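Notes for the one structure printed next.
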Amino acid sequence: GEDVFYCPFTDIIIPDSVTEIDADAFAGCTSLKRITIPSNIKRIEESAFSGCSALTEFKVDENNQSYSSDAQGALFTKSKTTLIQVPAGKTGTYIVSNSVCKIETYALHNCDRLQNVVFLGDMPLFKKVKISSIEGGIEHWEDCYYNFPYNSITAYYPKNNPSWRNTELLDFYGDVTWVPYDDFNSLKQSLRLSDNFN
């Protein structure tokens, strides 16, 4: 068929016959570590991998026309201009390449073990989500940023890039500490990152 449902394995290779991954298809698969997405996948619902706390790698077939993955195992649009999701099991530091123009709503939201995010290029558009609340019997809607995890995380951005002006004023859900950096190579050494990050 065309739908993927819950499967309690550590490694999953989705068959070529699958074209869509529905919402919550792998939700709660806490044993899942790696998933291989074939060339025929055309649509992945936003919450398809929610609760996959051990997931460390999306591997997308290079012939897929809609999606791609990077060397760090994150899921992107084909052009790598939109970061869709960093695997929830990612630890340490994630580097956002300078090709990224947009960060999806929940791109890093479940990455509770991630300590740092380093942005290399211009400030991307952080996609927001509408949240409703009831006050005095009246429903209110508010645009919120849910791009980062609940826990505290440090986000580094290029100090001399004017597109990052007033970043600290953005109200992200979670405890985000914004730190400007002068030189990526120096930052890489201070964070003890390998030379594979570039």
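The values are calculated or read from the model by the stated rules, or taken from the named source; none is laboratory data. It should be emphasised that the depicted structure is a prediction, and the values quoted were computed from it without experimental measurement. Methodologically, a virtual Cβ is constructed for each residue, glycine included, from the backbone with ideal geometry; neighbour enumeration extends over all protein chains shown. Please note that ligands, DNA and RNA were not included when accessible areas were found on the heavy atoms of the full protein model with its side chains. Shrake-Rupley method; radii C 1.70, N 1.55, O 1.52, S 1.80 Å.
Numerical summary
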quantity: Principal axis dimensions, largest first and in whole angstrom, of the stretch 91-198 by Cα; calculated: 55, 30, 20
quantity: Heavy-atom surface of the chain, accessible at 1.4 Å and reported per residue (Å²); calculated: 53 Å²
quantity: Estimated [θ] at 222 nm from DSSP helical runs (n ≥ 4, -39500 (n - 2.57)) normalised by residues in the chain, nearest 500; calculated: -1000 deg cm²/dmol
quantity: Chymotrypsin sites (Phe, Trp or Tyr not before Pro) lying in DSSP loop within the stretch 47-155, provided at most 13 other Cβ fall within 10 Å; calculated: TYR150
quantity: Of LYS42/LYS102; LYS128/LYS188; LYS59/LYS159; LYS59/LYS102; LYS33/LYS80; LYS78/LYS159, pairs whose Cα-Cα distance is over 26 Å; calculated: LYS128/LYS188; LYS59/LYS159; LYS78/LYS159
quantity: Theoretical FRET efficiency, 1/(1+(r/R0)^6), r = Cβ-Cβ of GLN65 and ASP24, R0 25 Å, to 0.05; calculated: 0.55
quantity: In the stretch 106-137, trypsin sites (Lys or Arg not before Pro) in a DSSP loop with at most 14 other beta-carbon atoms within 10 Å; calculated: ARG113, LYS128
quantity: Sulfur and carbon atoms: percent of accessible area, the chain [1.4 Å]; calculated: 47 percent
quantity: Gain on full stretching of the segment that runs from GLU135 to ASN160 - 0.36 nm per residue minus C-alpha separation; calculated: 4.8 nm
quantity: Virtual spin-label span in nm between THR167 and CYS144, 7 Å along Cα→Cβ; calculated: 2.3 nm
quantity: Antiparallel bridges, percent of DSSP beta bridges restricted to the chain (to nearest 5); calculated: 30 percent
quantity: SER152 versus CYS101: modelled label distance in nm, points set 7 Å from Cα along the beta carbon direction; calculated: 3.6 nm
quantity: Filtered GluC sites (Glu not before Pro), the stretch 3-109: DSSP coil and at most 10 other beta carbons within 10 Å; calculated: GLU62
